[in-house]
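Written out below as structure tokens is the structure these notes cover.
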Amino acid sequence: MGLTLGGNNSSFKSMRYLNDAKSKMDKSLLKISSGKRILTAADDSGGLSVAMKLQNQINTTKAAQDRVENSKSFVEMQDTAVSSIADIVQEMISVKDNYELKVDSNGANSAEAMAYANEFRDLQVQLGSMTAEKFNGVSLFSSHDSESKTIYTSSSGSSGASVTLDNLDIHAGLSAGSDFTKNLGKALTSGSATVDGVTYQSLDASDTEAISVSNINEADLDSVFNQISALRAETGGDLSTLGFASDYLSNMSVNMESAHGRIMDVDLAEESSNFAKYSMQYEAAAAAVAQANVAMGAVLDLLLGSINRK
């Protein structure tokens, strides 16, 4: 067999094994460092395709969950406001009772009766400020009965499930009197202002919508309290519905994250074992290359020695 001085078959094979082991070792190290089993489409084209679809669904599900959580925050603010309004109306009922007691015993112009009348007026002003409250620039209580908000609660957007938050017409809820032309909440300390189509004005003698403690009866106040209680029940129902939707989306997101992880995440124990194996193969191939080069050097030394002796 002819001798090739530029290399030999054993050296070339050892180099090929060395390069192959180095490539596998580097790839295994990348998987360990990245935590991903699939680094390129060539690793698992089908698995990567499924993982990409799952990731898109995870993103849309999280977006839907954010919408629901934001809506929950809005309804929670509504519920808090309605609860406070109910407390104020209940206090107004108590003030009305005390006012009538003082009128019966001391007269309408007595200091005690006037104190309760002023308190009733202050409570109206407080109601007026609360009905104009906003959350993130959005009015908590719309003045239009037809307004409602649709919250999409699935990753399918408008083609999927949704929750409709009906308008809370707080102004109708605070209406009193048989003709419902007077409103407990349309009051300011002075002047007038229009917020979302509702006019708030000072409580003076010319105010046709003002309800003083003397021109409203307790039955009307009870009616207002019942209307506010109904609105509170409505906010509670909305919160319950949104809570179930939020729980469902949260569970779906967790399940899809798990499914995505089973496809994409690397098994660290297995890959660490592979890395150790490839490292041993690399070291063995490197030793083989070194040994092949040593053997070639010995042959060259013998040839040169024989030439020199001549």
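The values are calculated or read from the model by the stated rules, or taken from the named source; none is laboratory data. Since this is a predicted model, take the numbers as computed values, not measurements. Cβ coordinates were reconstructed from backbone atoms using ideal geometry, including for glycine residues, and neighbour counts include every protein chain displayed.
Out of Ser84, Ser73, Ser94, which single residue is assigned by TED's automatic domain parsing to the domain that holds Asn251, within 47 Å of the chain's Cα centre (by Cα) and within 25 Å of Gly157 (Cβ to Cβ)? I'd like the intermediate steps shown before the answer.
Details: Ser84 fails: within 25 Å of Gly157 (Cβ to Cβ); Ser94 fails: within 25 Å of Gly157 (Cβ to Cβ).
Sole residue among the options that is assigned by TED's automatic domain parsing to the domain that holds Asn251, within 47 Å of the chain's Cα centre (by Cα) and within 25 Å of Gly157 (Cβ to Cβ): Ser73.
Only residues in the stretch 83-105 that are in contact (Cβ under 8 Å) with a residue 40 or more places away in the chain count as the first member; pair them with residues that are acidic (Asp, Glu), Cβ under 6 angstrom, at least 6 apart or cross-chain, and list the lot.
Matching pairs, first to second residue: Val95/Glu119; Lys96/Glu218.
Out of the stretch 82-140, which residues are closer than 20 Å to Ser229 by Cβ and of a type in the set (D, E, K, R)?
Result: Asp87, Glu91, Lys96, Asp97, Glu133.
Any chance you could count how many residues in the stretch 58-79 are surrounded by 14 or more Cβ atoms within 10 Å (Cβ to Cβ), among the hydroxyl-bearing types (Ser, Thr, Tyr) and over 14 Å from Ser253 (Cα atoms)?
1
For Asp66, all conditions in the list (1) under 28 Å from Ser154 (Cβ atoms); (2) in the same structural domain as Ala233 (by TED's automatic domain parsing); (3) in contact (Cβ under 8 Å) with a residue 60 or more places away in the chain hold save one; what is the number of the exception?
Here Asp66 clears every test but (3).
Using the structure shown, decide if Ser105 is part of a helix (DSSP H, G or I), of a type in the set (Gly, Ala, Ser) and under 13 Å from Leu184 (Cα atoms).
Criteria not met by Ser105.
Table: residues versus (1) free of Cβ contacts under 8 Å to residues at least 24 places away in the same chain; (2) surrounded by fewer than 16 Cβ atoms within 10 Å (Cβ to Cβ); (3) not charged (D, E, K, R).
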residue	(1), (2), (3)
Ser250	no, yes, yes
Asn255	yes, yes, yes
Asn274	no, no, yes
Ser279	no, no, yes
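Condition check ((1) touching a helix residue (DSSP H, G or I) at 6+ places or on another chain (Cβ under 7 Å); (2) of a type in the set (Gly, Ala, Ser)) across all residues:
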position	(1), (2)
Met25	yes, no
Lys31	yes, no
Gly46	no, yes
Asn56	no, no
Ser83	yes, yes
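Check off (1) modelled with pLDDT under 90; (2) crowded, with 16+ Cβ neighbours inside 10 Å; (3) in the same structural domain as Lys149 (by TED's automatic domain parsing) for Ala292 and give me the number that stays unchecked.
The one condition Ala292 does not meet is (3).
Output the number of the condition that Ala113 fails; it satisfies all remaining conditions of (1) surrounded by 15 or more Cβ atoms within 10 Å (Cβ to Cβ); (2) at pLDDT 75 or above; (3) not in a helix (DSSP H, G or I).
The one condition Ala113 does not meet is (3).
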